[in-house]
Amino acid sequence: MAGVHGASEVDHTGREATGETWTGPSTRRGFLSAAAAAGTGAAGLAAMGPAAALATGGRKHKHRKAGALTKTDLEILKAAQIAEALAVTTYTNIINTAPFFKNIPDDDQDYLKAARQEEMSHYLLEEGVTKKPSPFTSFYYPSKMFSDAQTTLNILVTLEDAFIAAYLVGVREFSTPDLRVTAARIMGIESDHRTLARVVGGDVAGGDGGPIAAITGIQKVAEPISPPNNNGYERTLLLKNIGQAVEALLPFAEPKAAEKAGFDATKPYKFEPFTPTLANALGEFHSFKG
């Protein structure tokens, strides 16, 4: 299958997986603590152990074996895995539980279904590199996340905004051209998702609160859905390290942060991995070389 094929290709690229386990900042508790500290500046980041490389760019590799992944590479990939697990969970529940889903046009439904497959393929690709599953198995959302179409699309665009910016951090900070191009390839798909989520707004039925004329993303600004492709350039959100991206996603992953953000911390949504099937073989992941 597409996602499994993509993950297996990772093992044959000549890259060396370090075998690093999810310890220190990479555990569920430690990684979230590091994320919470990400906004405290360089001094706070310096206390993160392996994650400290995220603050400085991690570009010195004098003692690294040629082709091996750096700690910075692994931290970015681990953060990306968490984001992709969250994305899969989000799309799964929109498709399975959101009342407005069954009333939008078939092509909109197809977009959401394909996005779910794509996010799962991204997750498996990254898991093939880190050799570890996501440390997060449940996620949290606002109380009306899957019952109110406006809330659903606001959060969906918010997440895609964050994913785009996070992969742009990878474009800057990954240690090899192949990894940087791979980050750009995934980022382009996340950009598709953001635009198409905005297309869906205008197709929400009147009985479901539509049509939705404006959607609010991560920058907390209600943006008209026309035109849906309203970016001349992808937004970096001025993120300088992957810890900042994780911090933005913290309420979706940690109960106390969820409660503080006004999310429903009493209702976790389980991440359920599956084997994806991508829509077109030409668009599958064949290798890091493209």
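The values are calculated or read from the model by the stated rules, or taken from the named source; none is laboratory data. Not measured: the values here are computed from a predicted model. FYI the Cβ positions are ideal-geometry reconstructions off the backbone, even for glycines, and counts take in every protein chain you see.
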Exercise for review: Return yes or no: is Glu234 of a type in the set (Asp, Glu), crowded, with 16+ Cβ neighbours inside 10 Å and under 17 Å from Tyr167 (Cα atoms)?
Suggested key: yes
Practice item. Scan the stretch 228-247 for residues that are touching a Ser or Thr at 6+ places or on another chain (Cβ under 9 Å) and either part of a loop (DSSP other than H, G, I, E, B) or closer than 17 Å to His193 by Cβ (or both) and jot them down. Key: Pro228, Asn229, Asn230, Asn231, Glu234, Asn241
Check your understanding: Among the candidates Thr158, Thr152, which residue alone is within 13 Å of the chain's Cα centre (by Cα), under 28 Å from Asp264 (Cβ atoms) and at pLDDT 95 or above?
Key -> Thr158
Review point. Quick one: which of Lys289, Lys256, Lys267 is over 15 Å from the mean Cα position of the chain (by Cα) and free of Cβ contacts under 8 Å to residues at least 12 places away in the same chain?
Key: Lys256
Exercise for review: Quick one: which residue in Ile164, Ile242, Ile215, Ile186 is farther than 19 Å from Leu86 by Cα and either modelled with pLDDT of 95 or more or not polar (S, T, N, Q) (or both)?
Suggested key: Ile215
Review point. Among the residues of the stretch 160-182, how many are closer than 17 Å to Val246 by Cα, among the hydrophobic types (A, V, I, L, M, F, W, C), buried (at least 21 other Cβ atoms within 10 Å of the Cβ) and in contact with a Lys or Arg (Cβ under 9 Å, 6 or more places away or on another chain)?
Key: 5
Revision key, fill the gap. Note on Ala222: of the conditions (1) hydrophobic (A, V, I, L, M, F, W, C); (2) touching a residue at least 24 places away in the same chain (Cβ under 8 Å); (3) over 13 Å from Ala149 (Cβ atoms), unmet is (2)
**Study point:** Qualifying residues in the stretch 193-219 (those that are outside any loop (DSSP other than H, G, I, E, B) and without any contact (Cβ under 8 Å) to a residue 24 or more places away in the chain) - the one surrounded by the most Cβ atoms within 10 Å (Cβ to Cβ)
**Key:** Ala214
Practice item. Keeping to the stretch 224-277, report how many residues are in contact with a Phe, Trp or Tyr (Cβ under 6 Å, 6 or more places away or on another chain) and aromatic (Phe, Trp, Tyr). Key: 3
